[in-house]
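Engineer: Just dropping this structure here.
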Amino acid sequence: MPNNRLFRSKTESMLAGVCGGIAKYFDLDPSLVRLGYVVLSVLSAAFPGILVYIILWIIIPEEY
């Protein structure tokens, strides 16, 4: 069962904590979320994936 809110993770962060926060929200392994994100970004010719990550970085608040 997901948490109440989606936050960027401080503890599971490699760049901005977006994938770590998504992993916490859905109770998944952060490495699998990162791997899935990279695969989707490569399959979409990388640019849209990078743009989506930056947008999520701006939109999703940081964990307290």
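Laboratory data are not the source of any read-out in this text; all were calculated from the coordinates shown. Computed from a predicted model, the values in this text were never measured in an experiment. FYI the Cβ positions are ideal-geometry reconstructions off the backbone, even for glycines, and counts take in every protein chain you see.
Engineer: Based on the Cβ-Cβ distance from TYR64 to LEU35, what FRET efficiency comes out when R0 is 22 Å, to the nearest 0.05?
Structural biologist: Taking R0 as 22 Å, the efficiency between TYR64 and LEU35 is 0.20.
Engineer: Output the 0 to 90 degree angle, nearest 10, between the alpha-carbon long axis of helix 47-59 and the longest principal axis computed from the alpha carbons of the chain.
Structural biologist: So the inclination is approximately 20 degrees.
Engineer: Sticking with this one: Can you give me the angle between helix 30-43 and the longest principal axis of the chain, using Cα atoms only, in degrees from 0 to 90, rounded to the nearest 10?
Structural biologist: The angle comes out near 20 degrees.
Engineer: Treating only the Cβ atoms of Lys and Arg (+1) and Asp and Glu (-1) as charged, compute the dipole magnitude of the chain about its Cα centre; round to the nearest 20 debye.
Structural biologist: The calculation lands at about 80 debye.
Engineer: Right, here's the next one. Taking H placed 1.01 Å from N in the peptide plane, check which residues at least 5 places from GLU62 or on another chain put their amide H under 5 Å from its amide H.
Structural biologist: Placed amide hydrogens put ARG8 under 5 Å from GLU62.
Engineer: Now a separate question. Under a Cβ-Cβ cut-off of 13 Å, what is the net charge of the residues other than GLY20 that fall near it, where Lys and Arg count +1 and Asp and Glu count -1?
Structural biologist: Here the count lands on -1.
Engineer: When the helices in the chain are scored as -39500 (n - 2.57) per DSSP H run of 4 or longer and the sum is shared across all residues, what 222 nm value do you end up with, to the nearest 500 deg cm²/dmol?
Structural biologist: -17500 deg cm²/dmol
Engineer: Could you work out the relative contact order of the chain, using alpha carbon pairs under 8 angstrom and six or more residues apart, expressed as a whole percent?
Structural biologist: Rounded, it is 35 percent for the chain.
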